[in-house]
Amino acid sequence: MENAKKTPLYEEHINLKGKVVDFHGWALPIEYEGILQEHQAVREKAGLFDVSHMGEIRIKGKEAEAFVQYLMTNDIKTLDNGQILYTFMCYPDGGVVDDLLVYKFDREHYYLVVNASNIEKDFQWMKDQQKDFQVEIQNESDEVAEVALQGPKAEGILQKLTDTPLKEITFFTFKDNVTIKGKDCLVSRTGYTGEDGFEVYMKPEDAREIWTEILRAGEEEGIKPTGLGSRDTLRFEAGLPLYGNELSKDITPLEAGFGFFVKFTEDDFIGKAPLQKQKEEGLKRKIVGFELMKKGIPREGYEVYKDGEKIGYVTTGYLSPTLGKSIGLALVDIDHSKMGGTIQIKVRKREIDGTIISKRFLK
């Protein structure tokens, strides 16, 4: 913990008695009041997360669109100015470098939001692929603080602090130069919880004031500061992947079940040929959802069996706070991935029956 990086909101987490842990080299709160309470606040009211550890990389230049299209699996050319796209950045073999969001300012200006654990790797990867593309690539991660306001009451709370009509910022769009309590911010309608909400990007020196003002504005609505623990349970319930669990250099987007974000257009992209081959030949394994039939909590890495034969492993598992059931995601052999099929999860020393269900645990 001594060597962990601190976000501009570190002192706020200490003042709020947050349980701070080392998360990929960052000192961040895993919880304040409790993961369950914070999870329910986001589902029913609103929660505020410090996500200043996330990475921001800006790509500018006359060939920016062509370069970003070459890096990404999704079709960047479909974006209008002010729109955001979820996509993967892959290795030549189809494994995932990272999953990220691409913000389009215009054809010569893109803003990429990447996972905290992958910032340096992603930045170096982009520079290595630059070659003859006429672009500038800037890692601005240290110059940006970010908070995520998530939940059904998020819009009403944030609207108290800005004159910008937030209804105009529709799902997966953004607006720059939004003034929040006199501070200049970029605001997007995105999130990682399955709820409505906003990501707010600002200068590090403005973060503490904006954090405090949002919490104050949401007091009557029941807002809570929320930590990494509920961030993970919320994204998991919503069927959203976590890099290192459902996605990695060894798990392709197709195996993870996110082929929708891989567009085989005329344009080439890194990893296109092996992903196209995988699609044509058929998957050998895939990520499935499951529910345990008896008491027990599946954890990441637990082995999955079918009639005594090992067929895969759990990538994420929890006792769902919303559903009250033990559910999980697992990477299993394709022959045993059929919906409604029975599998066994090895929880410590015993095998517990599970049923394969939709990965969309919440509607």
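Quick note: the coordinates plus some simple rules give every number you see, no bench work behind them. Since the model is a prediction, treat every value here as computed from it, not as a measurement. Here the Cβ positions follow ideal geometry from the backbone for every residue, glycine too, while neighbour counts run over all protein chains shown.
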Magnitude of the charge dipole, the chain, Cβ model with Lys/Arg +1 and Asp/Glu -1, debye to 20
1320 debye
Under 12 Å from the Cα of Lys121 - aspartates and glutamates, other chains or at least 8 residues apart
Asp98
For the stretch 104-258, one quarter of the surface area of the C-alpha convex hull, expressed in nm², comes to 10.7 nm²
Cβ crowding within 10 Å averaged over residues, with 86-99, 128-141, 318-331 ranked highest first
86-99, 318-331, 128-141
For Gly34, net neighbour charge (Lys/Arg +1, Asp/Glu -1) across residues whose Cβ lies under 13 Å away:
0
Burial order of peptide ranges 302-309, 178-185 (average beta-carbon count within 10 Å, highest first):
178-185, 302-309
Label the stretch 154-222 by shape, choosing from rounded, prolate and oblate, from the square roots a ≥ b ≥ c of the eigenvalues of the Cα gyration tensor; if a/c is under 1.5 it is rounded, and otherwise prolate applies when a/b is larger than b/c, oblate when it is not.
rounded
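Checking the table Lys62/Lys272; Lys153/Lys279; Lys153/Lys284 against a 32 Å threshold on Cα-Cα, which pairs fail?
On the way: Lys62/Lys272 24 Å; Lys153/Lys279 41 Å; Lys153/Lys284 43 Å.
Pairs exceeding the cut-off: Lys153/Lys279; Lys153/Lys284.
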Apply the a/c threshold of 1.5 to the C-alpha gyration tensor of the chain and tell me whether it is rounded, prolate or oblate.
oblate
Per the 1/(1 + (r/R0)^6) rule, R0 = 51 Å and r from the Cβ atoms of Lys203 and Arg299, FRET efficiency to 0.05 is 0.85
Ranked from highest to lowest mean number of other Cβ atoms within 10 Å per residue, what is the order of the peptides 38-47, 187-196?
38-47, 187-196
Under 16 Å between alpha carbons, and skipping anything fewer than 8 positions from Lys77 in its own chain: which aspartates and glutamates qualify?
Glu63, Glu65, Asp106, Glu108, Glu266, Asp267, Asp268
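If R0 is 30 Å, what FRET efficiency do you get for Arg107 and Lys181 from their C-beta distance, rounded to 0.05?
Numbers: r = 33 Å, r/R0 = 1.10.
It comes out at approximately 0.35.
Using only the Cα atoms of the stretch 62-101, build the gyration tensor, take square roots of its eigenvalues as a ≥ b ≥ c, and label the shape rounded, prolate or oblate: rounded if a/c is under 1.5, else prolate if a/b is larger than b/c, else oblate.
Working: a/c = 2.68, a/b = 1.56, b/c = 1.72.
Judged from the Cα gyration tensor, the stretch 62-101 comes out oblate (a/c at least 1.5, b/c at or above a/b).
Please state, as a whole number in µm²/s, the translational diffusion coefficient that the Stokes-Einstein equation yields for the stretch 128-176 at 4 °C and 1.567 mPa s, with Rh defined as the Kirkwood radius across alpha carbon pairs.
Numbers: Rh = 14.4 Å.
Answer from the Stokes-Einstein relation: 90 µm²/s.
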Run the reach check for Lys325 against lysines, Cα to Cα strictly under 21 Å, same-chain hits fewer than 8 apart removed. What comes back?
Lys294, Lys295, Lys338, Lys346, Lys349, Lys359, Lys363
Tell me, how many Å apart are the Cα centres for the stretch 52-100 and for the stretch 288-334?
32 Å
Helix-only [θ]222 nm of the chain, DSSP H runs n ≥ 4, -39500 (n - 2.57) each, per residue, nearest 500
-5500 deg cm²/dmol
Inter-label distance for Asp307 and Gln159, nm, one decimal - labels placed 7 Å from Cα along Cα-to-Cβ
5.8 nm
Arrange Trp26, Trp211, Trp125 by Cβ neighbour counts within 10 Å, fewest through most, would you?
Trp125, Trp26, Trp211
Of all DSSP beta bridges having both residues in the chain, the percent classed as antiparallel (nearest 5) is 95 percent
Counting only other residues whose beta carbon sits under 11 Å from that of Glu108, what net charge do I get with K and R as +1, D and E as -1?
0
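Rg over Rh of the stretch 284-357, using C-alpha atoms and the Kirkwood radius, what does it come to? Before the final figure, lay out each step's value.
Numbers: Rg = 10.8 Å, Rh = 11.7 Å.
Over the Cα atoms of the stretch 284-357, Rg/Rh equals 0.92.
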